[in-house]
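Have a look at the structure below, then the notes.
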Amino acid sequence: MYLKRLEIQGFKSFADTLKLDFNKGISAVVGPNGSGKSNIADSIRWVLGEQSAKTLRGSKMEDIIFAGTQNRKPLGFAEVTITFDNSDGKIPISFGEVSITRRIYRSGESEYSINGTSCRLRDIYELFMDTGVGKEGYSIIGQGQIDRILSSKPEDRRFLFEEAVGIVKYKNRKLEAEKK
Ligand code: ATP
Ligand code: MG
């Protein structure tokens, strides 16, 4: 599985549709200060279901919608689509390519879809559970996070290993079953 494509529209500084194609291997995003490099990483976190505005460096979720500039009006919604190559089947769904889309309006409403079919946020969490991608994954290591991992309590650090070995799904199912 690898990140194949990212399409960003109306998210933070990207008023026009931005399409980024990635290949297998290493890609680097370079650019001057304030040009939007971190906004790209934020868009990946967001499309995979991030619910915390603070994690996305804002104070409320609406802050991720393009706010306008001197000669450009603010936009009414933001939309990001992330596409993974799934030819190795690491994502448990029978598609060779998996696209996740999230759209948000100023009212705060979010819509999600998997390969064009609308779904719940929960479906996205479940799809990426144990893949290392996703909200609780370790595929995005932010500034300061390494320190946090090293100095965290053993119980908290254990979660990272559980995700890596792929047992989070089963632990969650057990918890759900116990609730019923
Ligand atoms: P650095 O090298 O300093 O880390 P960077 O390339 O990571 O910079 P970003 O933090 O991604 O830069 O981009 C910051 C820019 O995004 C700022 O100019 C900010 O005004 C703009 N920005 C953030 N949110 C919005 C928004 N909702 N609407 C318009 N512009 C926004
Ligand atoms: Mg940055």
- Message: List the residue pairs whose Cβ atoms are under 9 Å apart, where the first residue sits in the range 32-43 and is free of Cβ contacts under 8 Å to residues at least 40 places away in the same chain, the second is within 6 Å of ligand 1 (Cβ to nearest atom) and hydroxyl-bearing (Ser, Thr, Tyr), and the two are 6 or more positions apart or on different chains.
- Response: GLY34/SER13; SER35/SER13; GLY36/SER13; ASN39/SER13
- Message: I'd like the full set of residues that are crowded, with 16+ Cβ neighbours inside 10 Å, over 14 Å from PHE128 (Cα atoms) and among the charged types (D, E, K, R), limited to the range 68-101.
- Response: GLU79
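For the range 1-17, which positions are within 16 Å of ligand 2 (Cβ to nearest atom) and within 30 Å of PRO92 (Cβ to Cβ)? Steps first, please.
Initially, the range 1-17 is screened for residues within 16 Å of ligand 2 (Cβ to nearest atom), giving 8, 11-14.
Residues satisfying the conditions are ILE8, PHE11.
This table checks each residue for (1) under 23 Å from TYR170 (Cβ atoms); (2) of a type in the set (S, T, N, Q); (3) assigned to a strand (DSSP E or B).
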| site | (1), (2), (3) |
| --- | --- |
| THR55 | no, yes, no |
| ALA67 | no, no, no |
| ALA78 | no, no, yes |
| PHE84 | yes, no, yes |
| GLY89 | yes, no, no |
| VAL98 | yes, no, yes |
| ILE124 | yes, no, no |
| GLY134 | yes, no, no |
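How about the range 146-180: which of its residues are outside any helix (DSSP H, G or I) and surrounded by 11 or more Cβ atoms within 10 Å (Cβ to Cβ)?
In the first step, residues of the range 146-180 are kept if they are outside any helix (DSSP H, G or I); the result is 152-153, 166-167, 180.
Residues satisfying the conditions are SER152, GLY166, ILE167.
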- Checking ILE104 against (1) assigned to a helix (DSSP H, G or I); (2) hydrophobic (A, V, I, L, M, F, W, C); (3) surrounded by 11 or more Cβ atoms within 10 Å (Cβ to Cβ), the condition it does not meet: (1)
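Name the single residue that is farthest from ILE140 (Cα to Cα) among those in the range 9-35 being charged (D, E, K, R) and in a loop (DSSP other than H, G, I, E, B).
Start the filter on the range 9-35 by keeping residues that are charged (D, E, K, R), which leaves 12, 16, 19, 21, 24.
Now narrow it down to the ones that are in a loop (DSSP other than H, G, I, E, B): 12, 16, 24.
Details: LYS12: 19, ASP16: 25, LYS24: 17 Å.
In this case the residue turns out to be ASP16.
Only the coordinates and a few stated rules stand behind these numbers; no lab work does. Quick caveat: nothing in here was measured; it's all calculated off a predicted structure. For neighbour counting, all protein chains shown are included, and Cβ atoms are generated from backbone atoms with ideal geometry for every residue, glycine included.
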